[in-house]
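Enquirer: Once you've had a glance at the structure underneath, I'll fire off some questions.
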Amino acid sequence: MDETHYRTWWAAHTPAERADLLDRATVMVTEMVDDIEADAPASGDDAVSLRGWFSDWRTYLADRDAYADRLRVDPDAKFLVSENGEFEDSVDKTIEVFAEDANDIDACATPGDVG
């Protein structure tokens, strides 16, 4: 993909276009999470920790979908991130702590493309 096409693909001029781009990006992020989950351990302490992390990811992805839906009807819609009740923090923060701080895998943190 050449640079001009790349810029055009990610350029959004209206809230509806932004929602469409967000939908496309969410598909890519979902595929990443699906791939990681497919190779994750199924038992042991790591499996328990990862189940919580994947649950937070699924919640975060649903938040992205809900935001895109709201953006199509309300150009002033805000991205709302759900809370992880166990840790009393937003799921994007718990995802980042697990990915970056606990495991030093920055690429597995939330992409930061919404907000």
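The values are calculated or read from the model by the stated rules, or taken from the named source; none is laboratory data. Please read all numbers here as calculations on a predicted model, not as lab measurements. All Cβ positions, glycine included, derive from the backbone under ideal geometry; neighbour counts span all protein chains shown.
Enquirer: Only one of (1) of a type in the set (A, V, I, L, M); (2) at pLDDT below 95; (3) over 30 Å from Asp101 (Cβ atoms) is not met by Leu71, so which one is it?
Expert: The one condition Leu71 does not meet is (2).
Enquirer: Sticking with this structure for a sec: I'm trying to understand the selection: among the residues of the range 34-59, which are of a type in the set (A, V, I, L, M) and at pLDDT below 95?
Expert: If the condition is that a residue be of a type in the set (A, V, I, L, M) and at pLDDT below 95, then Ile36, Ala40, Ala42, Ala47, Val48, Leu50 are the ones that fit.
Enquirer: Name the residue, out of Glu17, Glu37, Glu31, that is surrounded by 11 or more Cβ atoms within 10 Å (Cβ to Cβ) and either outside any helix (DSSP H, G or I) or without any contact (Cβ under 8 Å) to a residue 12 or more places away in the chain (or both).
Expert: One residue alone meets the criteria, Glu17.
Enquirer: Within the range 84-95, does at least one residue satisfy the condition of being within 20 Å of Arg24 (Cα to Cα) and among the acidic types (Asp, Glu)?
Expert: Yes, the range 84-95 has at least one match.
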